[in-house]
Amino acid sequence: MNWESVSGSSAQRRWDECAHGRPPAVATGIKRVLPDRIVFTYQGDGDLAAIGTAETIHAANRGENITIIFVNNAIYGMTGGQMAPTTMIGQWSTTTPDGRGRFGEGGPIRVCEMLSALGGVCYLERVSVSSPKDVMKAKKAIKKAFENQIAGKGFSLVEVLSMCPTDWKLSPLEALDFVNDKMKAAFPLGVFKDRQS
Amino acid sequence: MKQPTQTRIIIAGFGGQGIVLIGNLIARGALIEGKNVTGMVAYGAEMRGGTAYATVVVSEDEIACPFVEKPDTAIVLNRPSMDKFEPAVQPGGLILVNTSLVQRDLKRMDISTIFVAATEIAQELGNLKVANLAALGAFIQHSGLLQPQSIQQAAEDLFSSKNPKLLPLNLAALKAGMHQSRFMEAVGLTGR
Amino acid sequence: MTEKILLKGNELLVEAAIEAGCRFYAGYPITPQNEVPEMMSWRMPQAGGVFIQAESEIAAINMIFGASAAGARCMTSSSSPGISLKQEGISYIAAAELPCVIVNMQRGGPGLGNIRAAQGDYFQAVKGGGHGDYHLIVLVPATLGELYDLTMHAFDYADYYRNPVMILGDGILGQMAEPVEKRPYKPILNLPPKEFVLDGCKSRPPRVIKTLYLHPADSLVRHNLHLQEKYAQIQRELCLYEEYETDDAEVVVSAYGITGRVAKGAVKAARKEGLKAGLIRPLCVWPFPAQPYQRAAQKARHFLVVEMSHGQFIEDVKLAMDCKRPTSFLGKGGGWYPMEEEILEQIRRLAGTKRKPAAKKIGKR
Ligand SMILES: Cc1ncc(C[n+]2csc(CCOP(=O)(O)OP(=O)(O)O)c2C)c(N)n1
């Protein structure tokens, strides 16, 4: 996670690496102590929606004034391609050799939809980076998520659908198609919550 | 060449050059000959950024140390691996160089060398992926560590269970590597 | 000749567990033990068992609690940071006296550390880790042959003593490949019927598995005394180690796991040089095999402990021989590996010194 002084042009950035799944809790601690700094977390799907589900939900529910950038690549990248909570039904991974099953393994968790039910949440949007147009949209969403924090509006999360050609065992171009054809169908893009006050 | 009781080997190249397969076949060949063997593949972050490597220890006796820092033999399939592992080889040791991808002279005078244009051999056979078997062939031909038939047997066992269609091509690369390679004794060592 | 298989330690662990009748595995990815859940994901269904990739290590260890209470032979595995997360569940499982096997392929710590092999979790494994007075049986294989056998034995010890058993390995043990004779599983102990299993009480009195003891006021004291009696029994009955050339040894090297096998190489080399060196290598570090140390301390002038940490195992070595002999230390944490030559140098130094020097530490403690 990251926090940054808002005042002055020579903004200083601080980076804090914490335990797998715990960024929203660590960010909560930082933000409550330094409320005038900009604090954001950068988390994968395994991190945010498996081992760290509790931290995610409770930070959102408390309406912590932080920004979460959630990178959804439907797989565990760092550890080499195991099933993630966002792995899609039928998708191959090193721990779902026959494809993920709806029962026993469960369907993909749709984080934006899940969090949209919580009162503390200010802003939720799902974007993609699989085409130039998508990238522009993603940029806008991320900017907004930070502006919300500066305005003190509370919890903002941007889910970014992204590629993992290495662990999907696809070429980079095929990986783009995978996001556009398969992931966008399972994880519809759009704004899931946008509370103005 | 008289064989020492223990040989410690590093095999290195780009990820995707089939480094692990070379190690696996040496290990299986040693197993067929009833020798002790321990193998290991560099994992995780160590793998990223240019050089992938595997290590194998073949021994007549019980193997104490499973990791290899100063190999008796280095099999290097690309330039970064050459730069990294040439200095590590034990004096009097051996280095196998894939001359297709390593176009520089050796710096060491005290180690023997096997030269093989493994990537070109593979290209001639129509599949770049078998450069590893060409290198292995050259290694077996000149190192005397294992009998050629043990490696052939190991390859047959491994491919027949995993991918039998690829066996003939891999065996062809193994043979080509054996015949289209040359050995150069260390110049800086006498009376060996 | 029996069939020899060539597998990585992590894969061999899976084969041994399934051979021993393990039919429930829950785990979570973490390097350097990813091959365990990956292989379990297809091997377990083949064997008619259950594989679950849990949402976290905490969930995985609690699934083990449940599976064990339901009567299954069960196992979970992880590496250091994940094992830290499991500690809560481990304390509960020990308190409830449920059999299970927990594997730790240690990596560099503390914190996220790195993914190189290390031995920094010794205290956690042997001295507690979770809360309360409990012990795990802790097995420390050094070769894949030992990993294969001890994994199978681990299930027997767990069932026999109704106690969780930990296999304390490291990244190298998990990642290296060695040929191993595939031996069929045969129980090494006379296993008692599992009279704790919660499988419905239609034709028998109900059973309870619990760890909360409030009433009567001394119930927890009594439960603890019962646990201590069991631990004392295990200490009397379980003593596993390899002893090499200690009879006339002046310098006794001690190390466990991967470090232990490297140390053995160094001791062999020292003997070739005519130095009187010996080795004590525990295969089980709780209970700790004190006898060989006490015997060796009668003749040896020095002990040398080698570990891939800043000195944890060394405390048990000193305790085992009541600090009778000066004990030197060679070790570092964070992914440092000892080489034979380094250990040999220390043996030479210690063998050369005449009378008891002050215990000198090499490497920071
Ligand atoms: C307690 C703990 N368990 C497991 C790990 C191993 N680990 C590191 S990253 C990771 C998950 C990677 O997946 P994701 O969060 O989706 O991020 P990605 O790598 O795909 O970007 C895991 C399981 C760890 N570091 N700590």
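Condition test on residue C:183, is it at positive phi and surrounded by 13 or more Cβ atoms within 10 Å (Cβ to Cβ)?
When the stated conditions are applied, residue C:183 does not pass them.
Just to be sure I understand, how many residues within segment A:54-91 are in contact (Cβ under 8 Å) with a residue 40 or more places away in the chain and within 11 Å of chain C (Cβ to nearest Cβ)?
7
Could you tell me which residue of segment C:248-273 is farthest from residue C:302 (Cα to Cα), considering only residues that are touching a strand residue (DSSP E or B) at 6+ places or on another chain (Cβ under 9 Å) and in a loop (DSSP other than H, G, I, E, B)?
Step by step, filter segment C:248-273, then rank; the result is C:256.
For segment A:128-137, does any single residue satisfy the condition of being under 30 Å from residue C:50 (Cβ atoms) and within 16 Å of the ligand (Cβ to nearest atom)?
no
Quick one: in segment C:227-255, of everything that is within 14 Å of chain B (Cβ to nearest Cβ) and not hydrophobic (A, V, I, L, M, F, W, C), which residue is farthest from residue C:150 (Cα to Cα)?
C:245
Please find, within segment C:17-33, the residue that is farthest from residue C:201 (Cα to Cα) out of those that are more than 16 Å from the ligand (Cβ to nearest atom) and part of a loop (DSSP other than H, G, I, E, B).
C:20
Considering only segment C:153-167, how many residues are open to solvent by less than 40 Å² (accessible area, probe 1.4 Å) and in contact with a Pro (Cβ under 9 Å, 6 or more places away or on another chain)?
Summing the residues that are open to solvent by less than 40 Å² (accessible area, probe 1.4 Å) and in contact with a Pro (Cβ under 9 Å, 6 or more places away or on another chain) in segment C:153-167 gives 10.
Among (1) more than 12 Å from the ligand (Cβ to nearest atom); (2) open to solvent by less than 10 Å² (accessible area, probe 1.4 Å), there is one condition residue A:86 misses while meeting the rest; what is its number?
Of (1) more than 12 Å from the ligand (Cβ to nearest atom); (2) open to solvent by less than 10 Å² (accessible area, probe 1.4 Å), only one is false for residue A:86: (1).
Considering only residues that are open to solvent by less than 50 Å² (accessible area, probe 1.4 Å) and touching a residue at least 60 places away in the same chain (Cβ under 8 Å), which ones fall in segment C:225-238?
Within segment C:225-238, C:227, C:230, C:231, C:234, C:238 meet the criteria.
Report, by residue number, each residue of segment A:43-79 that is more than 9 Å from the ligand (Cβ to nearest atom) and not aliphatic (A, V, I, L, M).
Listed by number, the residues that qualify are A:53, A:55, A:56, A:58, A:61, A:62, A:63, A:64, A:65, A:67, A:70.
Yes/no per residue for (1) among the charged types (D, E, K, R); (2) closer than 30 Å to residue C:281 by Cα; (3) crowded, with 21+ Cβ neighbours inside 10 Å; (4) within 14 Å of another protein chain (Cβ to nearest Cβ):
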residue	(1), (2), (3), (4)
B:23	no, yes, yes, yes
B:83	yes, no, no, no
B:101	no, no, yes, no
B:112	no, no, yes, no
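Counting only residues that are of a type in the set (D, E, K, R), part of a helix (DSSP H, G or I) and away from every other protein chain (no Cβ under 14 Å), which one in segment A:10-53 is most open to solvent (accessible area, probe 1.4 Å)?
Only one residue fits best here, namely A:32.
Taking segment C:295-324 on its own, how many of its residues are closer than 20 Å to residue C:248 by Cα and touching a Lys or Arg at 6+ places or on another chain (Cβ under 8 Å)?
Final tally of qualifying residues: 5.
Among (1) crowded, with 21+ Cβ neighbours inside 10 Å; (2) closer than 30 Å to residue C:8 by Cβ, where does residue C:249 come up short?
Answer for residue C:249: the failing condition is (2).
If we only count helices (runs of 4 or more DSSP H) wholly inside segment C:34-119, which ones have 3 or more residues that are away from the ligand (no atom under 16 Å from the Cβ) and closer than 22 Å to residue C:138 by Cβ?
C:57-69, C:80-96
Listed residues C:64, C:5; which is open to solvent by 10 Å² or more (accessible area, probe 1.4 Å), of a type in the set (Val, Ile, Thr) and out of contact with any helix residue (DSSP H, G or I) (no Cβ under 6 Å at 6 or more places or on another chain)?
On inspection, the qualifying residue turns out to be C:5.
Restricting to segment A:66-83, count the residues that are surrounded by fewer than 22 Cβ atoms within 10 Å (Cβ to Cβ) and under 27 Å from residue A:148 (Cβ atoms).
Residues that pass the stated criteria total 2.
Restricting the search to segment B:85-94, which residues are more than 19 Å from residue B:16 (Cα to Cα) and surrounded by 18 or more Cβ atoms within 10 Å (Cβ to Cβ)?
Within segment B:85-94, B:86, B:89, B:93, B:94 qualify.
Taking segment C:120-151 on its own, how many of its residues are more than 14 Å from chain B (Cβ to nearest Cβ) and open to solvent by less than 10 Å² (accessible area, probe 1.4 Å)?
The qualifying residues number 11.
Which is surrounded by fewer than 21 Cβ atoms within 10 Å (Cβ to Cβ) and of a type in the set (Val, Ile, Thr), of C:58, C:52, C:83?
Every option except C:58 fails the conditions.
Considering only segment A:140-151, I want to know if a residue exists there that is within 14 Å of chain C (Cβ to nearest Cβ) and polar (S, T, N, Q).
The answer is no, given that none of the residues of segment A:140-151 is within 14 Å of chain C (Cβ to nearest Cβ) and polar (S, T, N, Q).
If you check residue B:54 against the conditions, is it open to solvent by 10 Å² or more (accessible area, probe 1.4 Å) and either within 11 Å of chain C (Cβ to nearest Cβ) or within 14 Å of the chain's Cα centre (by Cα) (or both)?
For residue B:54, the condition - open to solvent by 10 Å² or more (accessible area, probe 1.4 Å) and either within 11 Å of chain C (Cβ to nearest Cβ) or within 14 Å of the chain's Cα centre (by Cα) (or both) - is not met.
For residue A:56, state whether it is under 12 Å from the mean Cα position of the chain (by Cα) and buried (at least 24 other Cβ atoms within 10 Å of the Cβ).
So residue A:56 fits the description; yes.
The values are calculated or read from the model by the stated rules, or taken from the named source; none is laboratory data. Because the structure is predicted, anything quoted here is derived from the model rather than measured. Cβ atoms come from the backbone with ideal geometry, glycine included; neighbour counts cover every protein chain shown. Surface accessibility is based on the protein's heavy atoms, side chains included, excluding ligands, DNA and RNA. Shrake-Rupley method; radii C 1.70, N 1.55, O 1.52, S 1.80 Å.
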